[in-house]
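Below is one structure, written out as structure tokens, with a few remarks after it.
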Amino acid sequence: MKYTYLLIDLFTILVPLIASFDKRIHFVKQWRYYFPANIFVAICFLVWDYFFTLNGIWGFNHQYITSIYLFNLPIEEVLFFITVPYSCTFIHESLKYFFPKPINLLASKYLFYIVGGIMLVGSFFATHLAYTYSVLLTGGLTLLVLPSIFPPALLNLFSITFMLSLLPMLVVNGLLTYLPVVVYNNTQNCGIRIGTIPIEDFAYALVLLGMNIAIYEKLRLRKLAEL
């Protein structure tokens, strides 16, 4: 069905969007900080997406898209970079409300440094695999930079947000790769999959979510500091 990808986008954001108006979490009040961050990150990822699509690193199954394009990308793919980060950031804000006391994860910062360092080193051994190389490089840099952006409490919170976000990711990316809506060129990834999801997608999600929440929190905290 040609509306499949569009429906996946819709159902990804539907509940978080409605719940954003709940007076307890009231995420709608944070939109002035969130959407500038999201638009900036979406543009970065759409440029990445455009060049990967142009060079055949991945593509899209025309059976499941409406064939409406923006900059050579299906409109559903553009919406993906709005709906998915929004839903994950809503999880982040929900955790703040339901767990107002800072969550303590011992050595969280050092784990970021260790895993980030491993990913950076690994990228040098994957230069022949465009997707693997790009996510190892950007994922490693993201993990190394985030501890300097987030205060310890927010860094710990982001760790939990990312882990919880993996659950809906398994559903959304599982559908996109099982049907498949998104078709990968397996000569440009390492070939390891969790179910039908290339393992690189998890690092890709880390960079997408990390950039969105880091910039959002930076804008939000800067405004609070001015008050």
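The values are calculated or read from the model by the stated rules, or taken from the named source; none is laboratory data. These numbers were taken from a predicted model, which means no experiment stands behind them. Positions of Cβ are generated from backbone atoms using ideal geometry, with glycine treated the same way; all protein chains shown enter the neighbour counts.
Among the residues that make up region 175-192, is at least one of them farther than 30 Å from LYS29 by Cβ, of a type outside the set (S, T, N, Q), in contact with a Gly (Cβ under 9 Å, 6 or more places away or on another chain) and assigned to a helix (DSSP H, G or I)? Yes, the conditions are met somewhere in region 175-192.
Checking each residue in region 77-102 for being surrounded by 20 or more Cβ atoms within 10 Å (Cβ to Cβ) and in contact with a strand residue (DSSP E or B) (Cβ under 8 Å, 6 or more places away or on another chain) picks out only GLU77. Scanning region 54-76 for residues that are buried (at least 19 other Cβ atoms within 10 Å of the Cβ) and in a helix (DSSP H, G or I) turns up TYR64, GLU76.
Within region 174-183, the set of residues being of a type outside the set (A, V, I, L, M) and out of contact with any Asp or Glu (no Cβ under 9 Å at 6 or more places or on another chain) comprises GLY174, TYR178, PRO180.
Conditions (1) closer than 25 Å to GLN30 by Cα; (2) under 20 Å from the mean Cα position of the chain (by Cα), marked per residue:
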{"residue": "PRO85", "(1), (2)": "yes, yes"}
{"residue": "GLU93", "(1), (2)": "yes, yes"}
{"residue": "PHE99", "(1), (2)": "yes, no"}
{"residue": "MET119", "(1), (2)": "no, yes"}
{"residue": "GLY122", "(1), (2)": "no, no"}
{"residue": "LEU129", "(1), (2)": "no, no"}
{"residue": "SER134", "(1), (2)": "no, yes"}
{"residue": "GLY139", "(1), (2)": "no, yes"}
{"residue": "PRO147", "(1), (2)": "yes, yes"}
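Taking residues in region 140-151 that are at pLDDT below 90, and partners anywhere that are acidic (Asp, Glu), the pairs with Cβ atoms closer than 9 Å and at least 6 places apart or on different chains are ILE149/GLU217; PHE150/GLU217; PRO151/GLU217.
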